[in-house]
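Q: This structure is in structure tokens; I'll ask about it shortly.
The values are calculated or read from the model by the stated rules, or taken from the named source; none is laboratory data. Quick caveat: nothing in here was measured; it's all calculated off a predicted structure. Cβ placement follows ideal geometry from the backbone for every residue including glycine, while neighbour counts extend to all protein chains displayed. When the accessible area is computed, the model is the full protein with side chains, heavy atoms only, and any ligands, DNA or RNA have been set aside. Shrake-Rupley method; radii C 1.70, N 1.55, O 1.52, S 1.80 Å.
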Amino acid sequence: MNSADQAQYRANPAIQAVPVLVLSTKEDPAVKAQAFELGANDYLVKLPDKVELIARVRFQSEFYVSQRQRDEAFRALRESQQELAERNAALVTLNQQLEEATRAKSEFLANMSHEIRSPMNGVIGMTTLLLDTSLTGEQRTFVDTVKSCGESLLTLINDILDFSKIEAGKIELENHPYDLRHCVEEATELLTPKAVEKNLDLVVLIDPRTPSVVVGDVTRLRQVLVNLIGNAVKFTAKGEVMISVHSSAGPEEGKLVLNFAVKDTGIGIPKDKQDRLFQSFSQVDSSTTRQYGGTGLGLAICKQLSELLGGSIWIESEAGRGSSFCFKIVVGMGPLEVPSWHLAPVTLRKKRVLLVEDNALQRRLFAQCAELWGLTIVEAETLAAAESSCSAPGNKHFDLMVVDGELLGSDLTAGLARMRSLAVGTPIVLTVVKRPRAGDLLALGADSLIVKPIRPSLLLEAMVRAVTGGPAKEKRSPVASAFSDSLASRLPLRILVADDNAINQMVGLMLLNRLGYSADVAGNGLEVVKVIDAKVYDLIFLDVRMPEMDGYEAARRVCEKFKSGKPMRPRMIAMTGNAMQGERERCLEAGMDDYISKPVRIEELKALIKRWGVKSDSSPV
């Protein structure tokens, strides 16, 4: 190959990278230099040594192959880098879109939180005020139920609207002492109206040896109980639902395991379908969904909550034979207290009681109570058995009769008259599933009344009232008022409530009035800024979402007015329906001193007044 051919060869793109070994008869260094200048990779003088030729060819071939591989690797790397850059750009765009969607969702949830919590503040605030008035036992029960339902609805709202909790799957658990029996009985009473509609017996059996006060998250426990009891009532056409509780040793000192069972006589669940129960959006079959409704989320939530509470949940069931949903949780030991209803007064102890009740679980509950109260119980499952007990030769006189109203038939008056004829002069406690109208008890002829599901504390009260000849009406123990007008005399404060919602204004003013304060009202932030120029205030409760000027801007304006050298700034407390994550920090950043979410609870309100009322009186800004 002459120099012209070699130059043309190197100019061809398809083969210009292929190694060229020049074979020449000339040993001339100038010729060799020219060959390398034209692109030769090696230069050999003819005829070369065979071994040397093979070595030179092998070296150039391997070098060529490795160079090709290197070039391919660099090309692949460049393409990968380009693809990665394009994907990163797409990811940045997607992240921006997600951030915008997240921001829009957060703003929507914040608005919904505020809009829903405002009327809830009215419901819970007004029921709190109503409970502090003179009510009959019947009225107090109704108001208690409204408030309890409102609290349950608020819990549901909190779970839905807490954006961070939904997104991250995190739930913060409370850890406070609570009355275990009250929690279980409260959850049961929420489902009582539905059970009454279906004529079901609801029975709560709590082992008397179980501590009355434990430490943990009462809200989450109530949530699990309401869900399980609600399912039991929903899937049971006739019979009964029993809620039982007993305790066992905890995993460590100071801990306790609470074992719960919700047992029904309903449709039951086939064993081959039970593994689907605790999965999200799952039902045993589609016909169940059509007949009974439901989303299939309830049991999945119960599973998560029971595990968060340190326990587990499982089912024992057979098709057509009812179900028993069991779960356990770990709680802390509370103060060792003996409930007042455990101790019967002297007037009741050692009495002989005839119990006319056909339900075995109800009789078991009475037996537990009788053991605590030192009573002798004679059981009768039917009216005929009751007649036999009363007329049996040598039978001692009964001091009291407790009679299931359902056994007396539709005419309770005639049924009670028949029972009185069996034991003349013996007082009668009537148990019913439906509350009679006020004044009907006297007409019926009973000495006392108790409505199922039976609470031992109310049962004791009804029995004592019947034995001692108290007024023949259902009565609850006086409820201690959560309000105290002495707070205003101990901490005299000038208070301003800023809220654009008329109902929230009324609730805030009335709550404060019950504590002894006469507060002023502002409808928005502009009014707040103006009114503090004309009057001195110690505390300002600020709604954050108000027209014209919101609470954040109002707080900043107030702080600006009371800079150094000015009089003491009034303490500002955010009172808002926006309970989203980060809201408290945003309020504090705007210059507010504290935060309380709607619906306002009276105990929280009192605690804030005590905390900041003292500081307003003694601390500089």
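Q: If I take R0 = 25 Å and measure r between the Cβ atoms of Glu197 and Thr413 in this structure, what FRET efficiency does the formula 1/(1 + (r/R0)^6) give, to the nearest 0.05? List each step's numbers first, then the result.
A: Values: r = 24 Å, r/R0 = 0.97.
For Glu197 and Thr413, the calculated efficiency is 0.55.
Q: Then there is this: If you filter the range 219-267 for trypsin sites (Lys or Arg not before Pro), then keep DSSP loop positions with at most 16 other Cβ within 10 Å, what is left?
A: Qualifying residues, ordered by number: Lys238.
Q: With a Förster radius of 56 Å, plug the Cβ-Cβ distance of Thr133 and Glu83 into 1/(1 + (r/R0)^6) and report the FRET value to the nearest 0.05. Show your work: numbers first, answer last.
A: Details: r = 73 Å, r/R0 = 1.31.
Approximately 0.15, to the nearest 0.05.
Q: Same structure, new question: Sort the following peptides by mean Cβ neighbour count (other Cβ atoms within 10 Å, averaged over residues), highest first: 567-576, 66-75. All intermediate terms of the calculation are to be shown ahead of the outcome.
A: Numbers: 567-576: 21.8, 66-75: 10.5.
Ranked from most to least packed, the peptides come out as 567-576, 66-75.
Q: Roughly speaking, what is the stretch gain from Glu99 to Lys238, that is 0.36 nm per residue apart minus the C-alpha to C-alpha distance, in nm to one decimal? Can you show the working numbers first?
A: Numbers: separation 139, 0.36 × 139 = 50.04 nm, distance 5.25 nm.
Contour length minus the Cα-Cα distance gives 44.8 nm.
Q: Moving to a separate point now. So how far, in whole Å, is the C-alpha centre of the range 20-89 from the one of the range 202-256?
A: When both Cα centres are located, 83 Å separates them.
Q: Enter the mean projected area of the convex hull around the alpha-carbon atoms of the range 321-414, in nm², rounded to one decimal. Intermediate results must be reported in sequence, preceding the final value.
A: On the way: hull surface 40.7 nm².
The Cα convex hull of the range 321-414, projected and averaged over all directions, gives 10.2 nm².
Q: Work from the charge dipole of the range 343-449 (Cβ charges, +1 for Lys and Arg, -1 for Asp and Glu, about the Cα centre) and give the residue of Ser410, Ala384, Gln368 farthest towards its positive end.
A: Gln368
Q: Residue by residue, what Karplus-based ³J(HN,Hα) values in Hz, rounded to whole numbers, does the range 212-229 have, using 6.51, -1.76 and 1.60 with θ = phi - 60° and x for Gly and Pro?
A: With coefficients 6.51, -1.76 and 1.60, one gets 6, 10, 10, 10, x, 9, 5, 5, 5, 5, 4, 4, 5, 4, 4, 5, 5, 5 Hz.
Q: Here is a follow-up. Rounded to the nearest 0.05, what FRET efficiency do Ala30 and Gln60 have when you use their Cβ-Cβ distance and R0 = 25 Å? Before the final figure, lay out the partial values.
A: Details: r = 23 Å, r/R0 = 0.92.
Calculated transfer efficiency: 0.60.
Q: From the protein chains alone at 1.4 Å, what is the descending order of accessible area for Thr219, Thr382, largest first? Mind showing how you got there, number by number?
A: Numbers: Thr219 35, Thr382 70 Å².
Output order, biggest surface exposure first: Thr382, Thr219.
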